[in-house]
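Here is the structure we will look at.
The values are calculated or read from the model by the stated rules, or taken from the named source; none is laboratory data. Quick caveat, the model's predicted, so the values are computed rather than measured. Here the Cβ is made from the backbone with ideal geometry for all residues, glycine too, and neighbour counts use every protein chain on show. Just so you know, the surface numbers come from the protein's heavy atoms only, side chains and all, with ligands and any DNA or RNA stripped out. Shrake-Rupley method; radii C 1.70, N 1.55, O 1.52, S 1.80 Å.
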Amino acid sequence: MSGAVLRGLALAASVALTATGCSGSSASAGGGLDGILTVVAGGPPASLDPVKANVGSDNWFVNLTYDTLLRLGPNGQEEPDLATTWGYVGTGNKVFDLTIRQGVKFSDATSLTARTVAASLNYARTNGLNVSWTSAISSVTATGPDTVRIQCATPNPDLPGLLNQVSLMGSIISPAGLADPSKMGTESFGAGPYVLDAARTVAGDHYTYTPNPDYWDKTKIHWKEVVVKVVSNPNSALQAVQTGAAEALSIGATQVSTAVLDGLTVAYAPVAFMGVNLADRDGVVSKPLADLKVRQALNYAVNRTAIANALFHQYGAPTDEISIPGQLGYAPDRAKQLLAEAGYPNGFSLNVETQQGGGIDLLTQAVLQDWKEIGVTTDVTTDTTVGQWLGNATSRKFPALGFGYGAAPTYLLSLDWMLPHATAYNPFATSDPALTSLLAQAAAAPAAEQPALDQAAMRYVVGQAWFVSVARLDGVYAYDGKQLTGFNVSPGNLLPDIAWTIAPK
C-alpha cells in the first residue's frame, strides 16, 4: 500500500523484500555503526523521487535518505520526526499547523527551514503519483521561521497519515532537488540518516547507502552501509536465508512453513485486500453492471472462504468489503435468482482486466470461475506491469478490474474509490450523491465521531455492490530474531522501518 501495489499503500506481500548480511559484515550487541545490511527488493523503484515512488514497494529505497515530517511508530501512532508538534486548528479539519524541528540539515549541509518544508510539500501535492490523496490541499505556507500551515479547500481528516514515512508525501526534499526535479529520480536530496552513494550504485541492480554525517539524530544510524539489492525471484531470497546468508525477508503464505522449520521468526499484520472492482456501475460499456441486482449477484456467486484459504492459508481472511464487515455472503442460488430478476437468466459476458503479482491474477481467475457457475463468461486481459494496469484501468475499456489495494483510512479510500472523479479505481467517475454526502460528513467530523460515520459510508457502498472484495491478507515477514532487532510490524504499521528501527542485536 503498492498502492495499493499500485497507487495506494502497496501490497507488501507481492514485494519480496529480503535483508541479507554481506560477507565481512558484523553485528555486535549494543547497536551503532557495526555492520553492513543488504536489503533485497523484488523489483527496482519506480523512482527515487519520494513523491513519484510507489508507496509500499519503494519505501525502503526512499526512507533511507528522506526523513518525513511525522514518523509512524511500531504501535501505529504518529511520532515526531522533522516536525515536533502538529494538529488541526479549529473545527472542520481544513487547517493544519506544524512546528518544524530546529537545527536540521539536508545531506548537502543546507539548513531545513519552514520555507523549505512548505516548498517540498507544495511540490508533493502537485506532482505526486497519489494526487487524489492531496486533492483537498489548497496551499502550504511558512507562517514563521519554524511553523508551517496546510490549508485545505475541503475537509481532510487524515493529514497526519499523509506526512509519515509510509505514505511518503511528507518526505522533505532539499532546495537543490526542487531546483532540478529530473535529478531526483536517480539521486537523493533528503535529510534522512543515509545518503545514496551514486558511484557504488547500478540502477535496477543495487543501490548503496552510507551514513549522512550531518544527520540530526545519529543514534538512529545502525549500519555502516545499507545496500538495496534487486532480486525478482522470492524463492532465491528464501534460499539465501536457508543457507545462512540472509537475515530477513518478506514472504508469501506458502513459504511460511519452510521459514518456520528453518528457525526463523515470523511477523505478520493485515496489509491489503483483493478482489474485482465492478467499475462500470453506470453501464457505459457493460449494460448489465448498471443493475444493482447484477452487481449483487456477482458478489453472492463468489466463495470467498474457499478462495482465501486456498491462496493465503491462515494469512488471509474472506471479506466482502474494503474497510469493515459487509453483508454479501456466498449464495450461488441467490446469485442466479438475482440475475434472472435483472433479465439475464442465462448470464452475460464481461471483459475483465487484472495484473500479475501478489496473487492478484490468481484471485481474479478464482472469482471468474465462480462467476462461470452462474452463467457469466469473461474475456480476461492480464497486465504484467503496474504501468500497464494503470493505463488499462483508466482507459474505460474494462468494466471490471482485478485489484490489490493496501490498508488505508476510509477518507483516503474514498478519494480513490468512492468520490465522483476519475481514478484507476473509479475510472468511470461514478457519482452517488448519498454516498458523497456521507463521506463529506465523516471528513469534517471531530475525530471521536469519525469511526461511526466512516462505517455508515462503507456499509452504504457495500450495499450498492460497487466491488467484489474477496480477501483481506497479511504481509508476512520472516527474519533471524537472533541477529536483528526492531523488525516490527503491526496492524497500524505494516512496513518495518529500515531507516530507524531495524538494527543488529
- Query: Can you tell which of Val352, Ala340, Val376 lies farthest toward the positive end of the dipole of the stretch 325-423, using +1 and -1 charges on the Cβ of basic and acidic side chains (Lys, Arg; Asp, Glu)?
  - Reply: Ala340
- Message: From the gyration tensor of the Cα coordinates in the stretch 351-505, what semi-axes in whole Å does the equivalent ellipsoid have, largest first, with each one equal to sqrt(5λ)?
- Response: 31, 25, 14
- Is the stretch 301-366 rounded, prolate or oblate when judged by the Cα gyration tensor, a ≥ b ≥ c being the square roots of its eigenvalues, rounded requiring a/c under 1.5 and prolate requiring a/b larger than b/c? oblate
- Note on the structure: Note, the stretch 423-429: 3J(HN,Hα) by Karplus (6.51, -1.76, 1.60, θ = phi - 60°), whole Hz, Gly/Pro = x, goes 9, 5, 9, 9, x, 8, 6
- With +1 on the Cβ of every Lys and Arg and -1 on the Cβ of every Asp and Glu, the dipole magnitude of the chain about its Cα centre, in debye rounded to the nearest 20, is 300 debye
- Task: Measure off 7 Å from each Cα along the Cα-to-Cβ vector at Thr394 and Ser182, then give the distance between these two points in nanometres to one decimal.
- Result: 2.2 nm
- If each of Lys505 and Lys224 carries a label point 7 Å out from its Cα toward its Cβ, how far apart are those two points in nm? 2.2 nm
- Query: For the charge dipole of the chain, defined by +1 on Lys and Arg C-beta atoms and -1 on Asp and Glu C-beta atoms about the Cα centroid, which residue among Tyr123, Ala457, Pro74 has the Cα displaced farthest towards the positive pole?
  - Reply: Ala457
- Query: How large is ³J(HN,Hα) for each residue in the stretch 444-455, as worked out from phi by the Karplus curve 6.51 cos²θ - 1.76 cosθ + 1.60 (θ = phi - 60°), to whole Hz, x for Gly and Pro?
  - Reply: 8, 6, x, 4, 5, 9, 5, x, 5, 5, 4, 5
- Message: Could you give the length gained by full extension between Ser349 and Val266, i.e. 0.36 nm per residue of separation minus their alpha carbon distance, to one decimal place?
- Response: 25.6 nm
- Query: With charges set only on the Cβ (+1 for Lys and Arg, -1 for Asp and Glu), what does the dipole of the stretch 147-302 come to about its Cα centre, in debye to the nearest 20?
  - Reply: 300 debye
- In whole percent, how big is the carbon plus sulfur part of the accessible area of the chain, probe 1.4 Å, protein atoms only? 52 percent
- Note on the structure: FRET efficiency for His421 and Gln151 from the Cβ-Cβ distance with R0 = 25 Å, rounded to 0.05, comes out at 0.75
- Item | Over the chain: helical MRE at 222 nm, DSSP H runs n ≥ 4 each giving -39500 (n - 2.57), nearest 500 | -7000 deg cm²/dmol
- Per residue Cα convex hull volume in Å³ - calculated over the chain: 128 Å³
- Task: Just check the stretch 248-304 against the gyration tensor rule for me: Cα atoms, a ≥ b ≥ c as the square roots of the eigenvalues, rounded for a/c under 1.5, and otherwise prolate or oblate depending on whether a/b exceeds b/c.
- Result: prolate
- Item | Accessible area per residue in Å² at 1.4 Å probe, computed on the chain | 36 Å²
- Message: Could you give each residue of the stretch 186-191 its phi-based ³J(HN,Hα) in whole Hz, using Karplus coefficients 6.51, -1.76, 1.60 with θ = phi - 60°, and x for Gly or Pro?
- Response: 10, 10, 10, 9, x, 10
- Query: Is there a pair in Lys52/Lys105; Lys105/Lys218; Lys336/Lys397; Lys52/Lys397; Lys287/Lys397 whose C-alpha atoms are over 20 Å apart, and which pairs would that be?
  - Reply: Lys52/Lys105; Lys336/Lys397; Lys52/Lys397
